[in-house]
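Enquirer: To start, I am sharing the structure in question, which I have written as structure tokens.
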Amino acid sequence: ALVGRDLVLTARHVILETSAKSIKFVPGFYNGQSTLGASFFSWVKSARFYEGSDYGAWDFSVLRLYQPLGDYLGFFGVRTYNDDWNDLYVWTAAGYPSMMPFNTQVPSYLRGIAIDDEDDDGDASELESENQDNSLGGSGGPLWAVWPPGGPYIVGVTSANDKVDYGPLGNDYQVLNASGKAMVDMVGLARLKIDTSIHINPPHLNLSG
């Protein structure tokens, strides 16, 4: 999701798992192209993320685009999660795109999500939800709500599924979302174009920009 005029917030593991030499960001992806037109996209110039686990609390990354798509589309705010919001069915998540059978080119979208628990890991945190649906395409998708009049704010990005129960009808799962002050600070530093030594760079991306 766009979090600045030329910034995208996503999961760290989707950057590490790619074998591509470049990454293409298509806003509003639907049926193979942007809803704004086939030519509306930008290549990724650079990526930033923290060292740590590929899944869970620290699984987030900020990408910088060559084109400032946020100037045309606007962008999300980001904020830290407050555990007073646990069990409130107010969150929305999107997958980009869905990997469900027969629906591989259509993003997923789910409203009325509740966070059941928040686990802290230093400055990062892991938001756990048992009613959030997650397919393979959900990784890196935003978890957000709207604060009038400021607009939508992201509190986490989808990281993984976690087995929580082994019942007679199969396994139950919860969805893990990477979150916390570290995520918010990374976006803030990227907006100011400030780099720090705590970031590492994937070898296939240029970090000079």
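Enquirer: For region 63-157, rounded, prolate or oblate, judged on the Cα gyration tensor with a ≥ b ≥ c (square roots of eigenvalues), a/c < 1.5 rounded, else prolate if a/b > b/c?
Expert: Cα axes put region 63-157 in the oblate bin.
Enquirer: Would you mind checking region 105-139 for residues with the amide N under 13 Å from a putative spin-label position 7 Å along Cα→C-beta of Asp172?
Expert: Under cut-off, by backbone N: 116, 129-132.
Enquirer: A further question follows. Could you tell me which of rounded, prolate or oblate describes region 31-76, using a ≥ b ≥ c as the square roots of the eigenvalues of the alpha-carbon gyration tensor, with rounded for a/c under 1.5 and, failing that, prolate when a/b is larger than b/c and oblate otherwise?
Expert: It comes out prolate by the Cα gyration axes.
Enquirer: Here's a follow-up. Can you give the FRET efficiency to the nearest 0.05 for Tyr109 and Tyr72, using r as the Cβ-Cβ distance and R₀ = 25 Å?
Expert: That gives a FRET efficiency of 0.70.
Enquirer: At a Förster distance of 35 Å, what's the computed FRET efficiency of Lys163 paired with Gln33, Cβ-Cβ distance as r, to 0.05?
Expert: After rounding to 0.05, the efficiency reads 0.45.
Enquirer: Need one value: the accessible area of Val14 in square angstrom, 1.4 angstrom probe, rounded to the nearest 10.
Expert: 50
Enquirer: Just for the Cα atoms in region 1-160, what are the lengths along the principal axes, largest first, rounded to whole Å?
Expert: On the principal axes, region 1-160 reaches 43, 36, 31 Å in Cα extent.
Enquirer: Follow-up question, since we're still on this one. Give the shape of region 1-96 as rounded, prolate or oblate, defined through the alpha-carbon gyration tensor: a ≥ b ≥ c are the square roots of its eigenvalues, a/c under 1.5 means rounded, and otherwise the shape is prolate if a/b is larger than b/c and oblate if not.
Expert: In terms of gyration-tensor shape, oblate.
Enquirer: Let me ask something else. With both partners inside region 55-158, how many of the DSSP beta bridges are antiparallel, as a percent to the nearest 5?
Expert: Close to 90 percent.
Enquirer: In terms of Cα to Cα distance under 25 Å, which lysines are near enough to Lys24, apart from those fewer than 8 places away along the same chain?
Expert: Leaving aside lysines fewer than 8 places away in the same chain, those within reach of Lys24 are Lys45, Lys193.
Enquirer: Sequence gap at least 6, Cα distance under 8 Å: using those rules, report the relative contact order of region 23-70 to the nearest whole percent.
Expert: 32
The values are calculated or read from the model by the stated rules, or taken from the named source; none is laboratory data. Note that the structure is predicted; figures quoted are calculated from it, not measured. Ideal geometry is used to build each Cβ from the backbone, glycine not excepted, and the neighbour counts take in all protein chains shown. Only protein heavy atoms, including side chains, enter the accessible area calculation; ligands, DNA and RNA are left aside. Shrake-Rupley method; radii C 1.70, N 1.55, O 1.52, S 1.80 Å.
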